[in-house]
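Input: a single structure, listed below in structure tokens.
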Amino acid sequence: FLVTFLTKLETDEMATRCAAAKRMAPEGTLDSPACKTSRVCEAKIGDSLSSFLRAHVSEPKLRHLIATLAECGRTIDHQVQTASCGGIANTNVFGDEQLAVDMIADRILFEGLKYSGVCAIAASEENPVPVSMGGTGYAVCFDPLDGSSIVDTNFAVGTIFGVWPGDTIVGRTGRDMVASAMIVYGPRTVLCIAFQEAAGTHDFELDADGGWKYVKCTTQIKAGKLFSPGNLRCTGDNPAYKRLISYYSNEQYTLRYTGGMVPDVYQLFVKEKGVFTNVISPSTKAKLRLSFEVAPIGLLVEKAGGASSCDGRCVSALDVVITGIDQRTQVCFGSQVEVARFEHFMHEGVSERLRATCSAEELASATAPSRSTKPITDAAALAEPFSTPVCCSAPAAPGAPVSVGGSLDEFLAVASGSEGLHRLMSALADACRKISTKVKQCSTKSTAETNVFGDEQLAVDMLADRILFDALEHCDVCEVACSEENPVPVQYGGSGYAVCFDPLDGSSIVDCNFAVGTIFGVWPGNRIVGTTGRDMVAAGMCVYGPRTTLCIAIKGHPGTHDFVLEDHGKWKHVKITTEIRDGKLFAPGNLRATSDNPKYEQLIAYYVDAKYTLRYTGGMVPDVYQLLIKEKGVFTNVTSPSAKAKLRLSFEVAPIGLLVENAGGASSCDGKSVSALDVVITGIDQRTQVCFGSKSEVARFEHYLYGKVRHEL
């Protein structure tokens, strides 16, 4: 019944959007959704890629080429799950570092195109000289693995490709493409594709059997307060971009920026709203390549009912002539209103092409001033400047030595200190393995119910919740368990431990295919309220991204330990983190609190002025996990009179506090300059603001927010 209902709902919504797009589109335009609208609306949720191609792509050679590229994507997905994502294999002709997994993805695509028989030439961002593929029909440009700088953090990454008819790329435009696509490697694997001859942008998910299943058609990207600001550091010497980013901040847009172009643009299709920007300045040059990234994504965005503005000339990304294979550009993608706003701020006027497609109301919205003109980096200076303290590292706990490469069971046998804790942690790890499968397969849209805190619960949240409760019930060493979804402590009759967990942190981003996760903390005995994080004996978080990674800390044992889930279902020990250093990486949660928390405003202004690298997905698990992988940086989530605390001490903050502090970092919690591990849990729904990071960055946080730094830092 549920499948039938959702299918009908998706089909009805698709028909409505196509009809609306047909009314809005200028008659006869090449990229009008009016073209073949009826054919798009006939596509059914659940159809295979091959049946969709037969129904909607008239050219057999193009159908074969797309099927080949999709099969390459399936193979790359497996490599991203299992290959090394850390080692540098080479440097390409542009001077960019190439990871081993980049080179593997590159080879897979070249080999697939060579043997397809329908590709004349191909060029890759890793190997940018066009290569003859020996076939006839099409030229293909691709970025084999966009997001090299974030693949190690287990954030979502992707492949991008554009397809031109014939055997040339240079001298053409994006408007000449016959198809383009991107493949998103996240908790799920999604192929998002557009064809010049058909309306809409179409999503296919890779199912457990290795087939591509049709799940969504996007024909409209609406105005909406979601922004993804690339190259934020250029606000330092590009005043127009500074004004635009200040507008987003003052108007309280939701920030979501992973640093990967594929996931950051893909969220616009899923949420059907928002804007992505990547702008240049005198000191920060363009990085995005027209042929490999911008033009292919431009076709996807415009076919989805959005717009683009490119090359600093207020033209569509599809209308810029490719004069060289390494041609780079600045760009904006998003709803027509948001792209018009971009042009208004960046170029002091909206282009005629957007004026022709926007209504008078939309143009008025795009050019309206903000309620505040406060610049994002012009907060009042601190009365007393921050001086980085000399942080003294506490001596590492003595625990028995362990080595990378072993199994989780081998690690727990050494580190857990008791058979009961060993059994409990094994049960939790096995539950995370099962949740990983559910996140890949279960619906991430339908709301099952609402919990006692008033938060919506997705069906996948509830499945994860049940899996963890079942595991704890049958492990025989859990006395009490409590979940963010079901916060009333449940007695399980075991003996030894109490467990608090958030079954699926990141509900607001799981539909976007961003990385999400599970968090858990383990206390001795049968009590959570009245204890502190310092009383925990273990904590962990499991990251569901392209790979599934379990990160755990055991009290009294040095370091935070990472385990990757392998193909055969076993956990392999891959990393030990014992130090989080200073480094210009920041993840600023609850950014809207800067509107009425001047101290937080000052801190964010410092990060932007000092050109910290922005990486913020909106999920606490991936945003903190990147600090452990990069071994640097800071995560903040601060409150204000209008933006209340959301993070719960027992379910999220205390367990992550143990992970961060065991890794050599620090935390500051509860607005009192204290460690997250020292705050007494007075209620199961107790909420707090927090900072995690290196000791120096947490000291900076306390200096800006509270005017003092505690002695321990």
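Considering only the other residues whose Cβ falls under 14 Å of the Cβ of S309, what net charge follows from Lys and Arg at +1 and Asp and Glu at -1?
Working: positive: R313, R341, R353, R355; negative: E302, D311, D319, E338, E343, E348, E352.
Around S309, the surrounding residues sum to -3.
What's the extension gain from D209 to E71 if we count 0.36 nm per residue and subtract their Cα-Cα distance? Numbers along the way, then the final one.
Details: separation 138, 0.36 × 138 = 49.68 nm, distance 1.28 nm.
Length gained between D209 and E71: 48.4 nm.
Please calculate how many Å² of accessible area the chain carries per residue, with a 1.4 Å probe and no DNA, RNA or ligand atoms counted.
Working: 25480 Å² over 713 residues.
That works out to 36 Å² for each residue.
Taking 7 Å along the Cα-to-C-beta vector as the label spot, tell me the D678-T578 distance in nanometres, rounded to one decimal.
For the pair D678/T578, the computed spacing is 2.5 nm.
Rounded to the nearest 0.05, what FRET efficiency is calculated for S403 and S58 with R0 set to 45 Å and r the Cβ-Cβ distance?
Working: r = 58 Å, r/R0 = 1.29.
With R0 = 45 Å, the Cβ-Cβ based efficiency is 0.20.
Can you pull the Kirkwood radius for the chain, inverse mean 1/r over Cα pairs, to one decimal in Å? Don't skip to the answer; put the middle values down first.
On the way: mean 1/r = 0.0382 Å⁻¹.
Result for the chain, one decimal place: 26.2 Å.
Summing -39500 (n - 2.57) over the DSSP H runs of n ≥ 4 in the chain and dividing by its residue number, what mean residue ellipticity at 222 nm do you reach, to the nearest 500 deg cm²/dmol? The partial results should precede the final answer.
Details: 18 runs with 225 residues, N = 713.
Value at 222 nm, helices only: -10000 deg cm²/dmol.
Under 8 Å for C-alpha pairs, at least 6 residues apart: give me the relative contact order for the chain, rounded to a whole percent.
Numbers: 1664 pairs, mean separation 78.3, N = 713.
The value is 11 percent.
Quick check: residue separation of N526 and Q491 times 0.36 nm, minus the Cα distance between them. What number comes out in nm?
Values: separation 35, 0.36 × 35 = 12.60 nm, distance 0.86 nm.
Extra length from N526 to Q491 when fully extended: 11.7 nm.
Can you give the charge dipole size of the range 640-713 about its Cα centre, rounded to the nearest 20 debye, using +1 on the beta carbon of Lys and Arg and -1 on the beta carbon of Asp and Glu? Mind dumping the intermediate values first?
Working: 9 positive and 8 negative charges, 47 e Å.
Once rounded to the nearest 20, the dipole reads 220 debye.
DSSP H helices in the chain with Cα extent of 20 Å or more along the helix axis and mean Kyte-Doolittle hydropathy at least 0.0? Walk me through the numbers on the way to the answer.
Values: long enough: 2-24 (33 Å, 0.08); 60-82 (34 Å, -0.29); 100-116 (24 Å, 0.45); 419-441 (34 Å, -0.31); 459-474 (23 Å, 0.53).
Answer set is 2-24, 100-116, 459-474.
For an R0 of 45 angstrom, estimate the FRET efficiency from the Cβ-Cβ distance between R534 and V170 and round to the nearest 0.05. Could the numbers behind the result be given before it?
Details: r = 62 Å, r/R0 = 1.39.
Computed FRET efficiency for R534 and V170 comes out at 0.10.
Under 18 Å from a label point 7 Å along Cα→Cβ of K611: give me every residue in the range 202-240 with its amide N that close.
Within reach of a label on K611: 230-240.
Measuring from label point to label point, each 7 Å out along Cα→Cβ, what is the S370 to K644 span in nm?
2.7 nm
Could you calculate the contour length gain from Q602 to A413, that is, 0.36 nm times the residue separation minus the distance between their Cα atoms, to one decimal place in nm?
63.3 nm
For the range 515-593, with all protein chains present and a 1.4 Å probe, just round the carbon and sulfur fraction of the accessible area to a whole percent. All intermediate terms of the calculation are to be shown ahead of the outcome.
Working: 1180 of 2410 Å².
The C+S portion of the solvent-accessible surface of the range 515-593 is 49 percent.
Hey, rough spin-label estimate for Y115 and A381, points 7 angstrom out along Cα→Cβ, what's it come to in nanometres?
6.5 nm
Output wanted: per-residue J couplings in Hz (rounded whole) for the range 491-504, from phi through Karplus 6.51 cos²θ - 1.76 cosθ + 1.60, θ = phi - 60°, x for Gly and Pro.
Karplus values, whole Hz, x for Gly and Pro: 7, 10, x, x, 9, x, 9, 10, 10, 10, 8, 10, x, 8.
Check cross-link reach from K374 to the lysines: straight Cα distance under 21 Å, and skip same-chain residues fewer than eight apart.
Partners found: K225, K242, K599, K611.
Of all the stretches in the chain, which is the longest one without any exposed loop site, taking GluC sites (Glu not before Pro) in a DSSP loop (any state but H, G, I, E, B) with at most 10 other Cβ atoms within 10 Å?
Values: sites that count: E27, E348.
That would be 349-713.
The values are calculated or read from the model by the stated rules, or taken from the named source; none is laboratory data. Keep in mind it's a predicted model, so treat the numbers as computed, not measured. As a convention, Cβ positions derive from the backbone with ideal geometry for all residues, glycine included, and neighbour counts pool all protein chains shown. Surface accessibility is based on the protein's heavy atoms, side chains included, excluding ligands, DNA and RNA. Shrake-Rupley method; radii C 1.70, N 1.55, O 1.52, S 1.80 Å.
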